[in-house]
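Input: a single structure, listed below in C-alpha cells.
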Amino acid sequence: MLPTVADVLQLEAVRRGQPRVVAGADRLGNRVRWVHVAEVADIAHLLHGGELVLTTGIALPDEPERLRVYIAELAEVGVSGLMVELGRRYAAELPAALLAAAEEHGLPVVVLAHEPAFVDITESVHARILQDQFAELRASEQLHEIFTQLSVEGASTEEVVRQVVALCGHAVVLENLAHQVLAMDSGPRDPAELLSAWETRSRAVRPRNRTAFDEASGWLVTTVGARGEDWGRLIITLGRPPTPRETVLIERAATTLALGRLLDRHAESVERQAHRTIIARILAHSYSDPQEAAARARALGVPLSGRRLLGVVLRPRTSPAPTSPVVAG
C-alpha cells in the first residue's frame, strides 16, 4: 500500500528538515504515489495525481489571487500534498492566501524549517513506495500459492471460506444469488448475530462492479462464477475500506470457488452440500448453541423454528433375481 503524507513525515530524511503541518492537517491520510520537485507555478498540468510536490517557493507569485489559483490547480489534479522549504522565498511563514486556499481545498501543506536535501527526501520516499509495492507483490504471490494448492487438493467450499477467514481475520459468507447462505465462518463474531436478517441486509447491498466495497454495510463483495454463469457472492464483513491485499484475497478465493464448481459439475450442488453439512453438524452436536444451528439453517432458507427434526433411515428394497425361462425339449 502506498505511504500516506503522515508516513512521509516520519521518514528520517524528512524529519531532518523539521517539518510542520500548516494547512490540511485532516488530510494527512492522502496516499503519496510519487515525489515531484517543482519550482514553477504552472506545474499542475504536468502532474497525474498522487504526487507530493516539493518546492522552495522561489518562483511562486506574490499576488494572493494567483496563489489561490496555484493551490486550486494542485488540488484539482489530485496531488497528495505540498511541502515548502522556508528560507529562500519565505523566511518564517507562508502567505495567508496560500494557507487559506489550502484549507479550502483540503490540501495538506508542510513547511520545512531547516534546509533539507530534496534528493534525500525523494530517494527516501521512493524507496518506501517501492518497498511497499514489493511487499504487496509478495503477498499476492503467497495468496496465489495458497489458493492454487486448495484448487489442486479439491478443497471443499467450507475449507476455502475457512482459509479466507484465517488470512483476513474477519467473518466471511458465501451466498447464492437468492441471498441464501451456502457457507460461512464467523471468525471472532457471534454466528447468530452475523446471520440475523441476513437476506434482508444482503439484498440492500448492490455493488456496481464484480468486486466492490459497500460503505453502508462495510462489506467487501465479489461475484462468484465463471464463463458467464454467476451463481453466488463472496462477502468479507470488514467494517472499513479494504486494503489492496484484501481485494486480491477475496477475488482469488472467488476464483477458487468458481473453479471448484466447474471441476465438479456432476457432483451435488453447493446448496445440497450446505444442507448436508448443517444436518451432519446437528447430529454430531458440533454447534455450541442451538441458536447458531437455527441461524445457519434460516440463512440457508430452511427455517427450523416450530419444526421437529426426525432421523430417517432408508433401506432399498431388494427384488428377487429374475429367473431364466425353461424350454422343454
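The values are calculated or read from the model by the stated rules, or taken from the named source; none is laboratory data. Keep in mind the model is a prediction, meaning the values are calculated, not measured. Every residue, glycine as well, gets a Cβ built from its backbone with ideal geometry; the counts of neighbours run over all protein chains shown. These accessible areas exclude ligands, DNA and RNA; they are computed on the full protein's heavy atoms, side chains included. Shrake-Rupley method; radii C 1.70, N 1.55, O 1.52, S 1.80 Å.
Pull out all pairs, ordered by first then second residue, where Cβ-Cβ is under 7 Å, the residues are six or more apart or on different chains, the first lies in the range 157-169 and is in the same structural domain as I235 (by the TED database) and free of Cβ contacts under 8 Å to residues at least 12 places away in the same chain, and the second is part of a helix (DSSP H, G or I) and surrounded by fewer than 21 Cβ atoms within 10 Å (Cβ to Cβ).
E159/L150
What's the number of the only condition in (1) open to solvent by 40 Å² or more (accessible area, probe 1.4 Å); (2) part of a helix (DSSP H, G or I); (3) of a type outside the set (S, T, N, Q); (4) modelled with pLDDT of 95 or more that L67 fails to meet?
Failed condition: (1).
Can you tell me which residue is nearest to G24 (Cα to Cα) among those in the range 91-103 that are surrounded by fewer than 22 Cβ atoms within 10 Å (Cβ to Cβ) and out of contact with any strand residue (DSSP E or B) (no Cβ under 7 Å at 6 or more places or on another chain)?
A100
Can you tell me which residue is nearest to E246 (Cα to Cα) among those in the range 104-118 that are open to solvent by 30 Å² or more (accessible area, probe 1.4 Å) and out of contact with any helix residue (DSSP H, G or I) (no Cβ under 9 Å at 6 or more places or on another chain)?
Going through the qualifying residues, I end up with F118.
What number of residues within the range 23-64 are open to solvent by less than 40 Å² (accessible area, probe 1.4 Å) and not in a helix (DSSP H, G or I)?
Selection size over the range 23-64: 20.
Report yes if L82 is touching a Ser or Thr at 6+ places or on another chain (Cβ under 9 Å), without any contact (Cβ under 8 Å) to a residue 40 or more places away in the chain, assigned by the TED database to the domain that holds V119 and not in a loop (DSSP other than H, G, I, E, B), otherwise no.
Judged against the criteria, L82 is a match.
Have a look at A127, A166 and point out the one that is hydrophobic (A, V, I, L, M, F, W, C) and in contact with a strand residue (DSSP E or B) (Cβ under 9 Å, 6 or more places away or on another chain).
Residue meeting the stated conditions: A166.
Can you pull out the residues in the range 192-238 that are more than 12 Å from E175 (Cα to Cα) and either outside the structural domain of C168 (by the TED database) or hydrophobic (A, V, I, L, M, F, W, C) (or both)?
Once the filter is applied, which keeps residues that are more than 12 Å from E175 (Cα to Cα) and either outside the structural domain of C168 (by the TED database) or hydrophobic (A, V, I, L, M, F, W, C) (or both), the range 192-238 yields A192, L194, A197, A204, V205, A212, F213, A216, W219, L220, A226, L238.
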